[in-house]
1. Checking S424 against (1) surrounded by fewer than 20 Cβ atoms within 10 Å (Cβ to Cβ); (2) part of a loop (DSSP other than H, G, I, E, B): exactly one of these is not met. Which one?
2. Given the options L261, L274, name the one that is within 16 Å of ligand 1 (Cβ to nearest atom), hydrophobic (A, V, I, L, M, F, W, C) and surrounded by fewer than 18 Cβ atoms within 10 Å (Cβ to Cβ).
3. Tell me, which residue of the range 363-409 that is of a type in the set (S, T, N, Q) and outside any loop (DSSP other than H, G, I, E, B) is farthest from ligand 2 (Cβ to nearest atom)?
4. What single numbered condition from (1) away from ligand 1 (no atom under 15 Å from the Cβ); (2) surrounded by 14 or more Cβ atoms within 10 Å (Cβ to Cβ); (3) modelled with pLDDT of 95 or more fails to hold for H413?
5. Which numbered condition trips up S428, out of (1) within 16 Å of ligand 1 (Cβ to nearest atom); (2) over 20 Å from the mean Cα position of the chain (by Cα)?
6. Answer with yes or no whether V164 is more than 16 Å from ligand 1 (Cβ to nearest atom) and either farther than 24 Å from H413 by Cβ or surrounded by 23 or more Cβ atoms within 10 Å (Cβ to Cβ) (or both).
7. Filter the range 388-409 for residues that are farther than 18 Å from E354 by Cβ and out of contact with any helix residue (DSSP H, G or I) (no Cβ under 9 Å at 6 or more places or on another chain) and give the result.
Amino acid sequence: MIEALHEILSADRVATDDDALQNWGRDWTRNFPVAPSAVVFPERIEEVQALVRLANREGLALVPSGGRTGLSGAAVASNGEVVVSFDRMNRILDFNPADRLVRCQPGVVTANLQAFAEEQGLYYPVDFASAGSSQIGGNISTNAGGIKVIRYGMTRAWVAGLKVVTGTGELIDCNRGLMKNATGYDLRHLMIGAEGTLGLIVEAEMRLAEAPQPQRVMVLGVEQFPDILKVLERFQRHISLSAFEFFSDLALEKVRAHRDLRAPLATPSRFYALVEFDESALDLATEAFEATVEAGWVADAVLSQSEAQARDLWQLREGISESISGYTPYKNDLSVKVAALPGFLQEVDALVSESYPDYEVCWYGHIGDGNLHLNILRPAEMSVAAFHEFGHDISPGIFELVQRYDGSISAEHGVGLVKRDFLSYSRSDAEIALMRGIKAVFDPNNILNPGKILA
Ligand code: 2HG
Ligand code: ZN
């Protein structure tokens, strides 16, 4: 097999040493074996096509790989697969100002696209803590969300065109950057969020947004969870918010300890909402804040007075995931309708505390999108393996609640391996059968990321 790979790629672009296999064979999950047989680094579309044809001939499985910051195991290679890294396809190819379109290779790091957009006086609005290492191809393959979804939507909203190598090695050019195109099934949208199971994204045309105004950030202390939604409603009444995030006092405690940050407010609260809005809406935001205090929902708040202070306040939210990673937490990424959040959170809390009263439950997330990140922290004295068992035991109960609330078992992190066996909590049998049919059309020999999303 290695010989066959060398016929397609120069020797320096086929790695089989253990360090490379360990590095490129996994994402940010830590609970799956890492055992690829090789890592390859194509530079051209034709090379990706040749790899796919080889995989079909030889029965190899390919795992597409971007910045490997995913939390679902979609980029993990556990079964001797060949990892196809897009690290060397990392160029921005051209920019078309009339359409505000950037054509780029899949390995472009998200932060580089953001910086490029800024250089053009524009904005790439999908943003999250791992933007410094995640790649556009991976963002598209997981339909990445992040902290600005309430205003700008998910990655899907910004993908104008995709070149994709399907599971048979065919190159398709989906939508070609058009704003309007009413010619039947939009295959581009099937590829977005497909986690590399339908095709390998080899080029993308990304639409840019106009540059935002200067932003202000307000962090508000809220004692009762349901009041956060009243605060959201009040702020949204007259303001188009750029973000509405939340975190609990425990999440704040962890991130402050990890990054040595100051408390945002003099008086602590059980919950905090982080609101971001255009500077021009400052008067309206002040009015909204006063109304929330008067109503008794908000105890205290802080408003950023400079960009540096806004960044500091954002750290309190964006740094949480990293700050608790040492606990190897049981992680979940759930969504329900915004209106259903208080009941849902209360029921999940009750479920956990009933059976595991001593466990620390760390809540935070994109509450304006109905997306809660649930992290239950591993007690210091418990082994990772034993804690894994706990996760195994509690998951069905949590997912039953998600189902009852008509929610999703993965709002933004994806299915990958982590949620694969639970997919039926969010998708019907009929839907899953259709998904299998689609997979078979695009990848008849099941060589593209096999075992991800669907068993
Ligand atoms: C975030 O919003 C990320 O911080 C990570 O989606 C969430 O680690 C998590 O649970
Ligand atoms: Zn998130």
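1. Exception for S424: condition (2).
2. Numbers: L274 fails: surrounded by fewer than 18 Cβ atoms within 10 Å (Cβ to Cβ).
That would be L261, the only listed residue that is within 16 Å of ligand 1 (Cβ to nearest atom), hydrophobic (A, V, I, L, M, F, W, C) and surrounded by fewer than 18 Cβ atoms within 10 Å (Cβ to Cβ).
3. Q403
4. Just one mismatch for H413, condition (1).
5. (1)
6. Values: more than 16 Å from ligand 1 (Cβ to nearest atom): yes; either farther than 24 Å from H413 by Cβ or surrounded by 23 or more Cβ atoms within 10 Å (Cβ to Cβ) (or both): yes.
Taking the combined requirement at face value, the residue satisfies it.
7. The answer is H388, and nothing else.
Every residue, every condition in (1) more than 16 Å from ligand 1 (Cβ to nearest atom); (2) among the β-branched types (V, I, T), yes or no:
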{"site": "E354", "(1), (2)": "yes, no"}
{"site": "I367", "(1), (2)": "no, yes"}
{"site": "M382", "(1), (2)": "yes, no"}
{"site": "G391", "(1), (2)": "no, no"}
{"site": "A433", "(1), (2)": "yes, no"}
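The values are calculated or read from the model by the stated rules, or taken from the named source; none is laboratory data. Keep in mind that this is a model prediction, so the values were computed, not measured. Methodologically, a virtual Cβ is constructed for each residue, glycine included, from the backbone with ideal geometry; neighbour enumeration extends over all protein chains shown.
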